[in-house]
Amino acid sequence: MTTPPAHIEIDGVPAADPGLLATLMSGYGHFTAMQVRDGRVKGLSLHLERLDRSTRELFGRGLDGDRVRALAVGALEKAGRRDASLRVYAYPDVRVAVTVAEPAPDGPGAPQRLTTAEYWRPAPHIKHLGGFGQSYHREAAARAGFDEALLTSPYGEIAEGAITNIAFWDGTSVVWPSAPCLEGITMALLEPRLGSVRRPVTLADLPGFRAAFVTNSRTIAPVTAIDETVFAVDEDLMERVYAAYASVEGEVLRPGA
């Protein structure tokens with residue numbers, strides 16, 4: 001079971017009703033998830049751009065970045081944290097909720113085993129709420145002894161993980177599947193720094209790759225298997241991926257700083 005956030009705010013006010021979070025999280029909206037370290041966030045401008053873009057698409061109004069930053073800083077201060085896992089949720093009428101929880105461990109993630117599931121998310125370009133399909137397939141993967149579900153089309157084209165992006169290494173290039181997916185912030189930061197390419201990737205292509213890895217806001221981890229296809233952990237590749245991410249400077253979260 002997921003550990004509940006240590007601190008929750010809605011429009012800058014601490015949420016006293018423990019049932020309120022469940023009500024809000026089951027509704028129509030979107031969010032972004034980030035890691036805060038010493039008051040800084042890698043890719044902060046990308047997070048703010050995505051929040052504003054999705055708010056305009058879903059609600060017909062923008063979401064001011066300085067408002068988000070002020071609410072986030074206020075929540076961190078009330079929670080007494082400068083390092084945290086922080087989420088910002090946007091709801092109809094552009095109500096904003098912020099959650100503050102324990103930071104994810106720094107450093108490389110543990111190797112992951114994936115199993116495929118025939119499912120593509122609706123409106124995959126939006127990090128939207130109500131991802132029942134993703135959760136269903138991810139929980140099924142966990143019950144079967146896997147770490148993550150890999151989402152594919154009925155024809156075997158690979159899109160993304162249930163809560164991750166996936167990339168493959170062919171010995172020359174890092175390849176991100178070109179199927180519709182949520183382009184995560186970690187993916188967006190790594191893609192130009194790794195000389196990456198995008199192209200269709202199918203299940204039939206898997207034996208031709210030498211390695212694979214997944215990314216999200218909490219981890220970058222090598223993939224050791226996708227169903228029956230086994231991958232070796234390419235230490236040189238992973239060192240390059242980790243170094244590329246480490247080279248990204250965090251942006252100051254506090255507005256006006």
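The values are calculated or read from the model by the stated rules, or taken from the named source; none is laboratory data. Computed from a predicted structure; not experimentally measured. Positions of Cβ are generated from backbone atoms using ideal geometry, with glycine treated the same way; all protein chains shown enter the neighbour counts. Quick note on the areas: whole protein, heavy atoms, side chains included, nothing else; ligands and nucleic acids left out. Shrake-Rupley method; radii C 1.70, N 1.55, O 1.52, S 1.80 Å.
Of all residues in segment 128-160, those being at pLDDT 95 or above and under 16 Å from the mean Cα position of the chain (by Cα) number 8. Taking strands (runs of 3 or more DSSP E) as the structural unit, those lying wholly within segment 160-257 and holding at least 1 residues that are aliphatic (A, V, I, L, M), open to solvent by less than 50 Å² (accessible area, probe 1.4 Å) and under 30 Å from residue 70 (Cα atoms) correspond to 220-226, 250-252.
So is residue 111 open to solvent by 50 Å² or more (accessible area, probe 1.4 Å) and either under 23 Å from residue 234 (Cβ atoms) or polar (S, T, N, Q) (or both) or not?
Values: open to solvent by 50 Å² or more (accessible area, probe 1.4 Å): yes; either under 23 Å from residue 234 (Cβ atoms) or polar (S, T, N, Q) (or both): yes.
Here the answer is yes, as residue 111 does meet what is asked.
Sort out which residues of segment 109-130 are hydroxyl-bearing (Ser, Thr, Tyr) and closer than 21 Å to residue 221 by Cβ, and write them in order of number. 115, 116 - these are the residues of segment 109-130 that are hydroxyl-bearing (Ser, Thr, Tyr) and closer than 21 Å to residue 221 by Cβ.
Of all the numbered requirements in (1) modelled with pLDDT of 95 or more; (2) farther than 22 Å from residue 187 by Cβ; (3) not charged (D, E, K, R), residue 10 misses one, and that requirement is (1). Of all residues in segment 31-58, those satisfying the criterion of being crowded, with 20+ Cβ neighbours inside 10 Å and of a type in the set (Ser, Thr, Tyr) are 32, 54, 55. All told, residue 87 falls short of being more than 18 Å from residue 51 (Cβ to Cβ) and open to solvent by 60 Å² or more (accessible area, probe 1.4 Å).
This table checks each residue for (1) part of a loop (DSSP other than H, G, I, E, B); (2) at pLDDT 95 or above.
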{"residue": "48", "(1), (2)": "no, yes"}
{"residue": "55", "(1), (2)": "no, yes"}
{"residue": "63", "(1), (2)": "yes, yes"}
{"residue": "68", "(1), (2)": "no, yes"}
{"residue": "72", "(1), (2)": "no, yes"}
{"residue": "76", "(1), (2)": "no, yes"}
{"residue": "100", "(1), (2)": "no, yes"}
{"residue": "105", "(1), (2)": "yes, no"}
{"residue": "108", "(1), (2)": "yes, no"}
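Listed by first and then second residue, the pairs with beta-carbon distance under 9 Å, at least 6 apart or on different chains, first residue in segment 86-102 and in contact (Cβ under 8 Å) with a residue 24 or more places away in the chain, second aromatic (Phe, Trp, Tyr) and in a helix (DSSP H, G or I), are 90/59; 91/59; 92/59; 93/59; 94/59. For residue 253, the conditions (1) hydrophobic (A, V, I, L, M, F, W, C); (2) modelled with pLDDT of 95 or more; (3) out of contact with any strand residue (DSSP E or B) (no Cβ under 9 Å at 6 or more places or on another chain) are fulfilled apart from (3).
For segment 222-257, give me each residue that is under 20 Å from residue 144 (Cα atoms) and either of a type in the set (A, V, I, L, M) or free of Cβ contacts under 8 Å to residues at least 40 places away in the same chain (or both). Don't jump to the end; show me each part of the working.
Going residue by residue through segment 222-257, those that are under 20 Å from residue 144 (Cα atoms) are 222-231.
Within segment 222-257, 223, 225, 226, 228, 229, 230, 231 qualify.
Figure legend. Inter-residue proximity from segment 70-81: first residues open to solvent by less than 30 Å² (accessible area, probe 1.4 Å), second residues among the hydroxyl-bearing types (Ser, Thr, Tyr), beta-carbon distance below 9 Å, spacing 6+ or different chains. Indicated pairs: 75/99.
In the set (1) open to solvent by 70 Å² or more (accessible area, probe 1.4 Å); (2) touching a residue at least 60 places away in the same chain (Cβ under 8 Å); (3) within 16 Å of the chain's Cα centre (by Cα), residue 125 fails one condition alone, (2).
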